[in-house]
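Every number in this text was worked out from the coordinates using simple rules, so none of it is lab data. What you are looking at is a predicted structure, and each value in this text was computed from that prediction instead of being measured. All Cβ positions, glycine included, derive from the backbone under ideal geometry; neighbour counts span all protein chains shown.
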């Protein structure tokens, strides 16, 4: 088991990689037009999904990737392509929304909460690979327990992020939200390109 300082460093590094507060604009865009109850449900589901994904990465991440023969670079590239498709929809005004009929069984809510909010935006390739690497820094139940506590704290922060996002959205108004959607679509496209470029550099080192 590592000392407290090391776990603090792990927490700070993961917080910087996940950047929950930096995703507030995208959260606002993807949840525009939803009721407060639906947004709260998506926030709760997304935070639990982020926690579940990172815990799985902590305990089984490397084994899962090896079993399927998937590299973290392939995961990064695939995530970037997904984000690029989402950004195009936002830029052309065809952002998917949740209507009462679609959300009656919770399937549409789950789809937004898990993809793209939980992954690859929050618990993306960078966070997953970092957790896998940090898991190898120590051994024993104490180390994995401390790592799990770090991930729980991050999950709580993600949940808080979703709670404060609606207040910011209300200040923007309808016209502001429309403009905001286009700007965030452009920003998300840039993030997607970075994901794809990083993945391709890892898959094809000659490109770097």
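Descriptive notes on the structure:
- Seen against the Cα atoms of the chain and their longest principal axis, helix 125-135 is set at about 30 degrees.
- Full extension of the chain segment joining residue 206 with residue 1 gains 70.0 nm, where the gain is 0.36 nm per residue of separation less the Cα-Cα distance.
- Each helix, a run of at least 4 DSSP H residues, gives -39500 (n - 2.57); summed and divided by the residues of the chain, these come to -26000 deg cm²/dmol at 222 nm.
- With contacts taken as Cα pairs under 8 Å at a separation of at least 6 residues, the chain carries a relative contact order of 45 percent.
- A crude spin-label estimate for the pair residue 66 and residue 160, with each label 7 Å from Cα along the Cβ direction, gives 3.7 nm.
- Between helix 72-91 and the chain: long-axis angle, C-alpha atoms, 0 to 90°, nearest 10: 10
- On Cα atoms only, tilt of 4-18 relative to the major axis of the chain in degrees: 30
- Per-residue packing, averaged as other Cβ atoms within 10 Å, sorts the ranges 181-190, 196-205, 113-122 into the order 113-122, 181-190, 196-205, beginning with the highest.
- The stretch between residue 193 and residue 168 holds 6.3 nm of extra length on full extension. This uses 0.36 nm per residue minus the Cα-Cα distance.
- Ordering of 58-65, 14-21 by packing [mean C-beta count within 10 Å, highest first]: 14-21, 58-65
- Our note on the geometry: Cα centres of segment 64-92 and segment 107-132, 10 Å apart.
- In this label model, residue 21 and residue 44 are separated by 2.6 nm, measuring between points 7 Å along each Cα→Cβ vector.
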